[in-house]
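Below is one structure, written out as structure tokens; the observations come after it.
The values are calculated or read from the model by the stated rules, or taken from the named source; none is laboratory data. Treat the numbers as computed from the prediction; the structure is a model and nothing was measured. In this analysis, Cβ positions are derived from the backbone assuming ideal geometry, glycine residues included, and neighbour counts consider all displayed protein chains.
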Amino acid sequence: MSKLTQVLNLSFLALSLSILCSSNLYAKAFDFPAPVPTPGSDQSEEININIYSVTDVDIFQGIIEDFQDIFPEIAITYHELQSLELYERIQKESLEQGVTADIAISSAMDLHMKLANDGFAQTVEISSAQDMPSWSLWRNEVFGFTSEPAVTIYNKSYFKDHPLPKNRRELADFLAERHSDLFGRIATYDIERSGVGFLFMAVDSERYKGIWDLVRTFGANGVKLYSSSNAIINNVSSGKFVIGYNVLGSYAQASLQTSADLGILYPEDYTTVLSRLALIPKAAKSTESGKLFLEYLLSERGQNVLTHSAKMNAVHPAVEPQGPKEILAAQARSSMQPIKVGPRLLVYLDQVKRRKTINKWNKALRGE
């Protein structure tokens, strides 16, 4: 199959996936100049690493600053994109211009895996990857560097007088019993607009046979659907909502300091764990620059900064998780089940299976 044919096929996939993302795609570029420019050089001669990422720059800023403490002569341009936008841009620039970002980072595990599977990532030797668990890596092309659980969040004030459901069966029973005071106060991802939300629900459908019964209780309680975790977190914190299901734990944990009423539950039956993925595009302008940043991300130092500054759980086995004692205890009690990095992720992009899952979702919400 020619590269042009691949592009045409992928453009159809992108069109089909567009409903998962906001229609207002955006791109923001943030410059981090070299703290100590090379003497006598102009800006065009300086080393500059171009990063494409779906992670908010505010979250990643501490990581970039620490990297520049080690390499003060390196400037960084950080492009903040949406997941589908990043996916399309890597393809388009690689095929039309022959050059793209030095490193690409995404939480849309399935889309990132497809980039690698279709030949848009290159094989690189990263020494710090040797310490990482096997589930987080694929063929020296795709590297998971965070461990982010899908959690249930709750409003502490509400649950002062009610037992907290510890697993999905208990949650379904609790919702079925309390229609009067829970109606309109439950929230989760809209899996038709959120790629991460769809991924979590697809994994749920594989791991929990009662998932559609749980979704029916969501529908019966007038569940509110959102395309981002932050909207759910803010409404649960304020007390407008009582429960948020399958929320990204890293975002919830980052909100704990400013949200006294926010509680986090790691379901004890299983807790799905997502990983942000990084790859070096085959058409990277500077492979060595991308590799240098990836080496840092996977290093023990980089993983420690990731945990303390970005409030994301590290993958590196030597880095201890951070957070309140009760959160760490809950993590230890829960059954963490990471999503393995590999071609199996491509199943979630199959349009027939995707439509089947979405149809089941909509029927269950209607009580069918």
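Please verify whether the stretch 176-191 includes one or more residues that are more than 17 Å from Arg216 (Cβ to Cβ), among the polar types (S, T, N, Q) and under 18 Å from the mean Cα position of the chain (by Cα). No, the stretch 176-191 contains no residue that is more than 17 Å from Arg216 (Cβ to Cβ), among the polar types (S, T, N, Q) and under 18 Å from the mean Cα position of the chain (by Cα). Looking across the stretch 69-92, the residues that are assigned to a helix (DSSP H, G or I) and either among the hydrophobic types (A, V, I, L, M, F, W, C) or crowded, with 18+ Cβ neighbours inside 10 Å (or both) come down to Ile70, Ser83, Leu84, Glu85, Leu86, Tyr87, Glu88, Arg89, Ile90, Gln91.
Given the criteria more than 24 Å from Val99 (Cβ to Cβ) and in contact with a helix residue (DSSP H, G or I) (Cβ under 7 Å, 6 or more places away or on another chain), does Ile264 qualify?
Here the answer is yes, as Ile264 does meet what is asked.
All told, Ala176 meets the bar of being among the small types (Gly, Ala, Ser), under 19 Å from Lys224 (Cβ atoms) and either touching a helix residue (DSSP H, G or I) at 6+ places or on another chain (Cβ under 9 Å) or free of Cβ contacts under 8 Å to residues at least 60 places away in the same chain (or both).
Selection of the stretch 208-261 for residues being under 26 Å from Lys340 (Cβ atoms) and either β-branched (Val, Ile, Thr) or touching a Phe, Trp or Tyr at 6+ places or on another chain (Cβ under 6 Å) (or both) yields Ile211, Val215, Ser229, Asn246, Val247. Per the conditions (1) under 23 Å from Ala364 (Cβ atoms); (2) modelled with pLDDT of 95 or more; (3) assigned to a loop (DSSP other than H, G, I, E, B); (4) not aliphatic (A, V, I, L, M), the sole criterion not satisfied by Lys240 is (1).
Among the candidates Thr272, Thr307, single out the residue that is closer than 20 Å to Gln61 by Cα and out of contact with any Ser or Thr (no Cβ under 8 Å at 6 or more places or on another chain). Sole residue among the options that is closer than 20 Å to Gln61 by Cα and out of contact with any Ser or Thr (no Cβ under 8 Å at 6 or more places or on another chain): Thr307.
Restricting attention to the stretch 273-292, the residues being surrounded by fewer than 24 Cβ atoms within 10 Å (Cβ to Cβ) and within 16 Å of Asn48 (Cβ to Cβ) number 7. Suppose the filter is in contact with a Leu (Cβ under 8 Å, 6 or more places away or on another chain), modelled with pLDDT of 95 or more, among the aliphatic types (A, V, I, L, M) and assigned by TED's automatic domain parsing to the domain that holds Gln130; does Leu279 pass it? Yes, satisfied. Residues of the stretch 279-300 that are over 25 Å from Gly342 (Cβ atoms) and assigned to a loop (DSSP other than H, G, I, E, B): Lys285, Ser286. Tell me which residues, restricted to the stretch 146-170, are under 24 Å from the mean Cα position of the chain (by Cα) and not aromatic (Phe, Trp, Tyr). Result: Thr146, Ser147, Glu148, Pro149, Ala150, Val151, Thr152, Ile153, Asn155, Lys166, Asn167, Arg168.
Lys311: part of a loop (DSSP other than H, G, I, E, B), farther than 19 Å from Met109 by Cα and outside the structural domain of Glu170 (by TED's automatic domain parsing), yes or no?
yes
Say whether the condition of being surrounded by fewer than 24 Cβ atoms within 10 Å (Cβ to Cβ), among the hydroxyl-bearing types (Ser, Thr, Tyr), out of contact with any strand residue (DSSP E or B) (no Cβ under 7 Å at 6 or more places or on another chain) and outside the structural domain of Asp269 (by TED's automatic domain parsing) is met by at least one residue in the stretch 155-173. There is no residue in the stretch 155-173 that is surrounded by fewer than 24 Cβ atoms within 10 Å (Cβ to Cβ), among the hydroxyl-bearing types (Ser, Thr, Tyr), out of contact with any strand residue (DSSP E or B) (no Cβ under 7 Å at 6 or more places or on another chain) and outside the structural domain of Asp269 (by TED's automatic domain parsing).
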